[in-house]
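Right, one structure below, let's go through it.
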Amino acid sequence: MKQSLFTLEHARQLTADTYELVLSGDVSAITAPGQFVNVELPGRFLRRPISIANWTEDALLLIVRVVGEGTRELVRSVPGTELDTLSGLGSGFDLTDCPENPILIGGGVGAAPLFGLAGRMREVGVTPTVALGFRTAADAFYLEEFARLGCHLFIATEDGSLGTKGFVTDLVKASPACTAAFVCGPTPMLKAVHALPQLKSGQYSFEARMACGFGACVGCTIQTTGGPRRVCKDGPVFQKEEIVW
Amino acid sequence: MVNLGVTLAGVALKNPVIPASGAFGYGREFAEVYDLDILGSFSFKGTTAQARFGNPQPRIAETACGMLNAVGLQNPGIDAVIAEELPNIAKLFHGPVIANIGGNTVEEYAENCRKLDACPQVGIIEVNISCPNVHCGGKNFGSDSKSAAEVTAAVKAATKKPVFLKLSPNVTDIAEIAKACADAGADGLCLINTLLGMRIDLKTKRPLLANRTGGLSGPAVFPVALRMVWDVYEAVKLPIIGCGGISSAEDVCEMMLAGASAVEIGAANLKNPAACKTIIEKLPAVCERLGVTEISQLTGGAHA
């Protein structure tokens, strides 16, 4: 964990409620895709935990969905705004022994950390299958960016306005050769994906309301097969075998 | 040069700054940020006889100038804390620690004290009779004088270490509870625990916390805590650890002027992991501005 100031370089609206933010600053504490940052906002007591979509030597890419007043203020910040940030939080996805034919499964803004994950996989010569689910075509984002990485990209929308009509679980079933999953999305989606017998192994990124984001308050604890675990510090990514619903 | 040293019931601390129980875990995460030996002491996560998972999710909600928590005393149980956490704390912090304990029964409090009495690292036992998030058969020991006195007498009989009772603000007259603890032999008091509060999610029209209610902390509660420390200082002669919404060196001094001998800092650590370090570094300059060479001179200074 590192506490430092990041400077907003630019913000771009991707969908009605989703924004891309690029920040510059010290990214040295970030070690794995799937980690997150906890951003302080003026006038708000708690920081806002936001997953890292990607990072380079000196820049941080966040994809933020507006869920309340705090995130609304964040995406409306003007370039040059300095944000007190705790970076490199959480465990992230484990890429040691990266499977040959992984499937990255994202729901809504849960697609964000999968972008950095897909990039890291491409760097080690692995071509992931990426299955993204959205409510409707207008909610979809980063499709070109994923395609440009050279992933096998499949989309599902609930109303059929883009890609397959249905859910990410339908996309998984349509790729029977994929048995190793990397998953991020809303809890009902995680649960549905976790129940698929096709997926023999998996890493699942969880969400929780949290205060500190670095393991002190235990506000975000969930039960696992190994006992209580903090989503912020022991997670947010948990192995398939650890998960208890 | 300002002397920041304070004494709590015979236990000497290098300064009055103590991270509060529940906001500091067992110190591990903060030791990544700064050397814990700069602290006066620290009060580790509230400990019960048996391991507790705590309450279901969600347990955290934001408020104006603060937060609600309904963690519900998640902890691995006293035996695991003594066997695993205390040895680790010994590597991170070399002064006397404050052991915060909870209980469902008077006997559980006493048993926890007996076990901690054998731990030389523990300087003070802080007895939480005020957690708003744990339903002990509907009973909250800190909410009436009789049960507060009962717990105090039982823990005093179970340990030779100084015992501080952590009091609830969710009472009509906190000074009356404080007097009951003092009469039953308490060595000191810590106040306040969190204020019972609530938020409702407008999207679901249901309480935001799974526990429905939670404990309010953060700067929002500072004036309430300050007033209660003032009232208790007037009512009893015991040393007081002032706690509630402190987030700056100025707040520390204000709390001491109201009557605190030392302070606990909770929610500020969660917002800013270096909060206590920053506060300790700024204390000498604030004391100089106030014209004191020993910070302990501030205690109760606002009472004419």
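Some notes on this structure:
- Condition check for A:Asp159 on (1) surrounded by fewer than 24 Cβ atoms within 10 Å (Cβ to Cβ); (2) within 28 Å of B:Leu208 (Cα to Cα); (3) more than 14 Å from chain B (Cβ to nearest Cβ): one failure, at (2).
- Hey, B:Ala260 within 14 Å of another protein chain (Cβ to nearest Cβ), crowded, with 24+ Cβ neighbours inside 10 Å and not acidic (Asp, Glu) or not: no
- Flag if A:Gly88 is at positive phi and either more than 14 Å from chain B (Cβ to nearest Cβ) or at pLDDT below 95 (or both): no
- In the range B:45-59, the residues that are within 12 Å of another protein chain (Cβ to nearest Cβ) and over 19 Å from the mean Cα position of the chain (by Cα): B:Ala51, B:Arg52, B:Phe53, B:Asn55, B:Pro56, B:Gln57, B:Pro58, B:Arg59
- Residue identified as under 17 Å from A:Met1 (Cα atoms), among the polar types (S, T, N, Q) and in contact (Cβ under 8 Å) with a residue 60 or more places away in the chain among A:Thr81, A:Thr31: A:Thr31
- If the condition is being over 30 Å from B:Ser217 (Cα atoms), among the charged types (D, E, K, R) and under 18 Å from the mean Cα position of the chain (by Cα), then the range A:186-245 contributes A:Lys191, A:Lys240.
- The requirement of being surrounded by fewer than 16 Cβ atoms within 10 Å (Cβ to Cβ), assigned by TED's automatic domain parsing to the domain that holds A:Thr31 and modelled with pLDDT of 95 or more is satisfied by A:Gly80.
- Test set (1) at pLDDT below 95; (2) more than 13 Å from chain A (Cβ to nearest Cβ); (3) in a loop (DSSP other than H, G, I, E, B) - B:Glu108 fails condition number: (3)
- The residues of the range B:63-81 that are out of contact with any Gly (no Cβ under 8 Å at 6 or more places or on another chain) and crowded, with 19+ Cβ neighbours inside 10 Å, listed by number, are B:Pro76, B:Ile78, B:Val81.
- Screening A:Ala118, A:Ala112 for residues that are in contact with a Lys or Arg (Cβ under 9 Å, 6 or more places away or on another chain) and modelled with pLDDT of 95 or more leaves exactly one candidate, A:Ala112.
- Top-ranked residue of the range B:169-191 - restricted to ones that are in contact with a Leu (Cβ under 8 Å, 6 or more places away or on another chain) and without any contact (Cβ under 8 Å) to a residue 60 or more places away in the chain, ranked as surrounded by the fewest Cβ atoms within 10 Å (Cβ to Cβ): B:Asn170
This table checks each residue for (1) among the acidic types (Asp, Glu); (2) outside the structural domain of A:Val109 (by TED's automatic domain parsing); (3) touching a residue at least 12 places away in the same chain (Cβ under 8 Å); (4) closer than 30 Å to B:Cys276 by Cα.
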position: A:Leu153; (1), (2), (3), (4): no, no, yes, no
position: A:Val168; (1), (2), (3), (4): no, no, yes, no
position: A:Val172; (1), (2), (3), (4): no, no, yes, no
position: A:Ala181; (1), (2), (3), (4): no, no, yes, no
position: A:Ala211; (1), (2), (3), (4): no, yes, yes, yes
position: A:Phe214; (1), (2), (3), (4): no, yes, yes, yes
position: A:Cys217; (1), (2), (3), (4): no, yes, no, yes
position: A:Phe238; (1), (2), (3), (4): no, yes, yes, no
position: A:Val244; (1), (2), (3), (4): no, yes, yes, no
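- Residues that are outside any loop (DSSP other than H, G, I, E, B) and of a type in the set (S, T, N, Q), drawn from the range B:89-105: B:Asn100
- Taking strands (runs of 3 or more DSSP E) as the structural unit, those lying wholly within the range B:165-254 and holding at least 1 residues that are in contact with a helix residue (DSSP H, G or I) (Cβ under 8 Å, 6 or more places away or on another chain) and over 25 Å from B:Gly5 (Cα atoms) correspond to B:195-198, B:213-217.
- Residues located in the range B:272-304, provided they are without any contact (Cβ under 8 Å) to a residue 60 or more places away in the chain, part of a helix (DSSP H, G or I) and surrounded by fewer than 23 Cβ atoms within 10 Å (Cβ to Cβ): B:Thr278, B:Glu281, B:Lys282, B:Ala285, B:Val286, B:Arg289, B:Leu290, B:Gln297
- Qualifying residue in the range B:18-37 (condition: on the phi > 0 side of the Ramachandran plot and free of Cβ contacts under 8 Å to residues at least 40 places away in the same chain): yes
- Some residue of the range A:197-211 being more than 14 Å from chain B (Cβ to nearest Cβ) and of a type in the set (Phe, Trp, Tyr): yes
- With a requirement of 3 or more residues that are β-branched (Val, Ile, Thr) and either over 15 Å from A:Ile105 (Cα atoms) or in contact with an Asp or Glu (Cβ under 9 Å, 6 or more places away or on another chain) (or both), none of the helices (runs of 4 or more DSSP H) lying completely within the range A:121-196 satisfies it.
- Residue tally, condition more than 12 Å from chain B (Cβ to nearest Cβ), crowded, with 20+ Cβ neighbours inside 10 Å and not in a loop (DSSP other than H, G, I, E, B), over the range A:214-245: 2
- Of all the criteria given as (1) modelled with pLDDT of 95 or more; (2) small (Gly, Ala, Ser); (3) within 20 Å of B:Val71 (Cα to Cα), the one not satisfied by B:Gly137 is (1).
- A:Val78, sole failed condition from (1) aliphatic (A, V, I, L, M); (2) under 16 Å from the mean Cα position of the chain (by Cα); (3) under 30 Å from A:Phe45 (Cβ atoms): (2)
The values are calculated or read from the model by the stated rules, or taken from the named source; none is laboratory data. Bear in mind the structure is a predicted one, so any value in this text is a computation, not a measurement. Every residue, glycine among them, receives a Cβ derived from its backbone with ideal geometry; neighbour counts consider all protein chains shown.
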